[in-house]
Structures are given as C-alpha cells and as structure tokens.
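Structure first, then comments.
The values are calculated or read from the model by the stated rules, or taken from the named source; none is laboratory data. Since we're looking at a predicted model, the values are computed, not measured. Neighbour counts run over all protein chains shown; Cβ positions are idealised from the backbone, glycine included. Accessible surface is based on the protein model in full, side chains and every heavy atom, while ligands, DNA and RNA are left aside. Shrake-Rupley method; radii C 1.70, N 1.55, O 1.52, S 1.80 Å.
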Amino acid sequence: MESELIAKLIVISGPSGAGKGTLIKSVLPSLDNFVVSVSATTRGRRAGERQGVDYHFLSRREFLRKVEEGLFLEWAEYGGNLYGTPRDFVDAALSTGKDVLLEIELEGARQIVEHCPVAVGIFIAPPDLQILEGRLRDRKTDSEADITLRLARACDELEAVERDRAEGGLCFDYAIVNDDLEQASRELLTTIQQIRAGNTAR
Ligand code: 5GP
C-alpha cells in the first residue's frame, strides 16, 4: 500500500486566456491536502497582484541568478518575460505527501511531464481562437501588443499539442475544452480526483 503515499504533481497548461486560473480557483475549495505553487516571474506586477501570492516578482538579474543556482524545477520565456517554478517549494510539499498543482505554459509543462515520474499533465484548451481573443480582451490586463503576442503563442501551443498527439507524444494525460465554465470546472475536479485516486505514478 506504500504506493498510495506517492504525492502527485499536477501540471495544468494551456494558452493564456484559456481560463486555467479561473478553473483552478473554482476547484480549490473542493480539494484538501493540496497546494498550488507560486511561480517566479520577471513580468511587471498587474493591478491587484500581490508579491508572493500571485507571483514572486523578480528582476531579470535575480531570476537568472536563480536559474544558474538550479533553483527552478522548470523555467521558460513567455512574451519577453521569464517564468519559473521554485524547486524547493514543490519538493518540500511532495515530500510531505501533499499533491502540488502547477499552472504553467507549454514549454515548462513539457519539461516537467516528460521528466518527472509523479507528474500528470492536464491541457486546458479554448473552444477556438476567436473566443480566446475575446477573453484576452475582456480581462483588460494586457496591452494590444501583449494580446498579439499571446495569440501568436496560443496558435503555436495548440499546434504543438496537436503535433504531439499526432506523433503519439506523451505530454498531456488529459485535455479539457473550456467552453462552458461550470462544465469545465466539473471536468477538472473529476479529473484531479481521478488522478489522486490512482495509487501509482505513471
Ligand atoms: P501571465 O503573464 O498571464 O500571468 O502568465 C503567462 C503564462 O505564463 C501563462 O500561460 C502562465 O500559465 C505561465 N506561467 C506562469 N508561471 C509559470 C512558471 O512558473 N513556469 C512556466 N513555464 N510558465 C508559467
């Protein structure tokens, strides 16, 4: 029964604007013994974002020093900014049996899902690119230039996932299309519960 104690690293990825953050917030109240990793980033702080809560906001220099010191489990560049998952936080949580949830972009998700045996990947897809564009505009957090970058990156990410699937790649174990928020939220919760109920790492 020892295998039941293996904590899971649940990696949620998908294009910016697909609704990853909203979906995660919607399922968290139904989950216990579970922590969400707070990433480091060099992106500027948006209105309402808190240091250490939404992100660890770092200068590029500080971030790159941590990269050199091997302090990130994964890291990637996105829209001209750097984002990374703190290794110590994830290791400490997993070693005490807590499941950890990461919300990260595709490049980082691939690094983790492909190399970490306790990681399970869930891809959140938008119904289509027009809806994604509408969501990015509606949330009013990004400049026009950022929206253009995020849409281009979304196309690349969706194509890459499609290519992986066609080639039999292993990256994501589950995919959820976030069309209707309530339904997608139910699907995410059920998926996480299934992953947690599985008693072996994949
Ligand atoms: P945003 O600027 O909208 O907060 O995030 C931009 C993208 O970076 C999103 O897709 C988000 O999931 C991703 N991201 C956030 N933290 C990390 C991280 O630690 N590593 C990686 N690879 N991506 C991250």
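log₁₀ I(q)/I(0) of the range 77-169 at q = 0.20, 0.25 Å⁻¹, via Debye over equal Cα point scatterers, no solvent, to two decimals? The Debye formula, applied to the Cα set alone, gives -1.10, -1.35.
Given a 1.4 Å probe and the protein chains as shown, T96 ends up with an accessible area of around 100 Å². Its DSSP H runs of at least 4 residues, each contributing -39,500 (n - 2.57), put the calculated 222 nm mean residue ellipticity of the chain at -13500 deg cm²/dmol, to the nearest 500.
The residues of the range 9-197 expose, per residue, 52 Å² of accessible area to a 1.4 Å probe. Amide H to amide H distances under 5 Å link H56 with S39, A40, T41, where only residues 5 or more positions off or on other chains count and H is placed in the peptide plane. If I take all pairs of Cα atoms in the range 140-201, what percentage of them are more than 12 Å from each other? Of the Cα pairs, 77 percent sit more than 12 Å apart. Each Lys and Arg adds +1 at its Cβ and each Asp and Glu adds -1 at its Cβ; summed about the Cα centre, the chain shows a dipole of about 600 debye.
Its alpha carbons give the range 63-115 an Rg and a Dmax of 11.5, 35 Å.
Could you run the Debye sum over the Cα atoms of the chain, one equal point scatterer each and no solvent, and tell me log10 of I(q)/I(0) at q = 0.18, 0.19 Å⁻¹, two decimals? At q = 0.18, 0.19 Å⁻¹ the computed log10 ratios are -1.45, -1.61. Centre-to-centre separation between the Cα atoms of the range 82-110 and those of the range 124-186: 21 Å.
Which GluC sites (Glu not before Pro) in the range 95-202 sit in a loop by DSSP (not H, G, I, E or B) and have at most 11 other Cβ atoms within 10 Å of their own Cβ? All intermediate terms of the calculation are to be shown ahead of the outcome.
Values: sites: E103, E105, E107, E114, E133, E144, E157, E159, E162, E167, E182, E187; in loops: E105, E167.
Those satisfying the criteria are E167.
Debye-formula intensities of the range 1-96, expressed as log10 I(q)/I(0) at q = 0.14, 0.20 Å⁻¹, are -0.61, -1.17 (one equal scatterer per alpha-carbon, no solvent).
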